[in-house]
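K.L.:
Quick one: the structure is below, questions incoming.
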């Protein structure tokens with residue numbers, strides 16, 4: 001049975017959950033276009049924590065060289081989809 005959920009949808013959902021839980025953000029604030037620093041108020045430590053959690057859940061490391069280019073929620077989702085990372089719990 002197919003639910004119609006893509007890997008990108010699953011990852012976006014998990015990233016949103018993490019941002020809501022860890023930073024108290026509202027679901028409507030977390031869109032693919034939302035910029036971590038400017039729109040959501042994340043600092044570099046928040047970003048490292050978010051990516052560390054995603055690495056832990058997916059079992060796949062995030063390349064340190066890619067981190068500066070991950071400025072929006074959509075950037076992280078796209079990176080994780082492109083590198084085969086899942087949103088497992």
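Read-outs throughout are calculated quantities, based only on the coordinates presented, and are distinct from any laboratory measurement. Note that the structure is predicted; figures quoted are calculated from it, not measured. Ideal geometry is used to build each Cβ from the backbone, glycine not excepted, and the neighbour counts take in all protein chains shown.
K.L.:
With a ≥ b ≥ c taken as the square roots of the eigenvalues of the C-alpha gyration tensor of the chain, please select rounded if a/c is under 1.5 and otherwise prolate if a/b is larger than b/c or oblate if it is not?
P.N.:
oblate
K.L.:
Just to be sure I understand: with springs between alpha-carbon atoms less than 10 Å apart, which residue in 51, 23, 12 has the highest mean-square fluctuation in the Gaussian network model of the chain?
P.N.:
Result for the chain, Cα springs under 10 Å: 23 fluctuates most.
K.L.:
Continuing with this model, one more query. Once you've got the GNM for the chain with C-alpha springs shorter than 10 Å, pick whichever of 39, 65, 75 has the biggest mean-square fluctuation.
P.N.:
Comparing 39, 65, 75 in the GNM, the peak value goes to 65.
K.L.:
Take the chain, connect every pair of alpha-carbon atoms lying under 10 Å apart with a spring to form a Gaussian network, then pick out the residue of 44, 58, 16 with the largest mean-square fluctuation.
P.N.:
Taking springs between Cα atoms under 10 Å, the residue moving most is 44.
K.L.:
Here is a follow-up. Once the Cβ-Cβ distance between residue 23 and residue 55 is put in as r, and R0 is 25 Å, what FRET efficiency do you end up with, to the nearest 0.05?
P.N.:
0.85
K.L.:
Please order 14, 35 by the number of other Cβ within 10 Å, starting at the fewest.
P.N.:
Result, fewest neighbours first: 35, 14.
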